[in-house]
Amino acid sequence: MSHDNTPPSNTKRSVRKQAEETLKDKNSKLLNSAVVFLPEDIQKLIHELQVNKIELEMQKDELLTTQAELKVSHARYYDLYNKAPVGYCTINEDGLILDANDTASGMFGLSHEDLQKKLLTDLIYKDDQDIYYFCCTKFLSSSKETSCELRMKNSEGFLFWVQIYATSEKEINGFPYIRVVIVDITETKNAQEEIQKLNDTLKDEIARQVEELRKKDVLLMEQATLAQLGEMINMIAHQWRQPLNAISGAAVELSLLNMMGEVSKEKIAQNSKFTQEVAKKMSDTIDEFMDFNKKTDIAKFSLLSIVEKTVDIVMPQFESRSITLEIDIDKELTVFHNKTAIKHALLNILINSRDAFDENIRLNKRKINIYTKENNGAVTLLIEDNAGGIAKSIVPKVFNPYFTTKEQGKGTGLGLYMTKQMIEKVKNSTVSVESKNKNTIVKIKFPV
């Protein structure tokens, strides 16, 4: 529809001018011949009447054009209003429906006439009435657009989810009214419920798998602990073998002297003292292993002390293999971690180095260096051996459970896995491995 923004006075003058021009073109001859002899005032009256007639004809044409445009505009509005994808309702302050579009009528399965006899609350599910009441209270107190989600029901009692928007409009016949927009969000709600169900199922599945992994980790740790216990028993046996042989030798000596009748009180006292000293050393060995497995909490401790205690346990096996071990750690240096975890981790690393030397029997100079580096307050413990290094393709796998490069029956593949679990259980602690110039370096980084 066209819109003329020309002021009314200007429009009137324009129509008058057009009418006069039209009259001049059509009737100039008639005026000159027939009217010329009439009195002047009569001539003016006839002219005015003719101009007015032409003006009326022009206004009639304009009105017909405007009426046609209004019909087209009304048809467009009707389509936009009634065929909109949302429901429109007009209600009064009491909630009575005054008008509704075709979409709203279709939503509730009611004709326009039946819909206009109902209160909007009649169409709202009983359990959601409070939501609507709260929405109305909020709207009436502020007069600002308000929305809420609730369930409504159609003529057959079927429930569906809607989003309601309420806005105030001008008065009708002196009474205020409210425009309500109703958007069907049932599909969205159903999709959200499905997503929630999937999320709940996923959470349950994740929780189940986490529990299975936790049980698996517990089993792996138990297996690794048993494997390490076996290693420690071997170490005890290795450390006890020589003292037991010494005790056995002292007993045999006394027995032979007794058979020859040459045993003396001094000899008995000497051998008895020797046996007691050896037995005490064996007892001390047991105490060391018992202390090694004591449970401890996370705390600060001397790193050198823990390294030395661990090295003392493996040293007899290292000496029998001609493995030199050097420690370069400041005796004042302290770190924050679990002492028992560090001892077990270090023992696993040293056992791996021992086994690597066993596989590389051609090495003459066998050496392990244990030292530290500090960077911005963070301490890193490094255990470096020259047993031949690790292939680059294997380095990323060394901490995987059950991964081993040893012959079948000679390794469980759990030592380094357990080491990583124990070290990184403490926040900001890490363990890593690198191979460089046929040397293997294990790095344990402690938190600041």
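The values are calculated or read from the model by the stated rules, or taken from the named source; none is laboratory data. Since the model is a prediction, treat every value here as computed from it, not as a measurement. In this analysis, Cβ positions are derived from the backbone assuming ideal geometry, glycine residues included, and neighbour counts consider all displayed protein chains.
Side notes on the structure shown:
- Residues being on the phi > 0 side of the Ramachandran plot and at pLDDT 90 or above - total across segment 136-195: 1
- Boolean, Thr310 is in contact with a Leu (Cβ under 9 Å, 6 or more places away or on another chain) and closer than 22 Å to Asn428 by Cβ: no
- All positions within segment 364-386 that are in a loop (DSSP other than H, G, I, E, B) and surrounded by 16 or more Cβ atoms within 10 Å (Cβ to Cβ): Asn386
- Ser302 being at positive phi and out of contact with any Cys (no Cβ under 9 Å at 6 or more places or on another chain): no
- Enumeration of residues in segment 418-438 that are within 18 Å of Ile390 (Cα to Cα), at pLDDT below 90 and either not polar (S, T, N, Q) or not assigned by TED's automatic domain parsing to the domain that holds Val395 (or both): Lys420, Lys436, Lys438
- Listed by position, the strands (runs of 3 or more DSSP E) enclosed by segment 85-194 that each have at least 1 residues that are in contact with an Asp or Glu (Cβ under 6 Å, 6 or more places away or on another chain) and crowded, with 16+ Cβ neighbours inside 10 Å are 87-92, 146-153, 159-172, 175-184.
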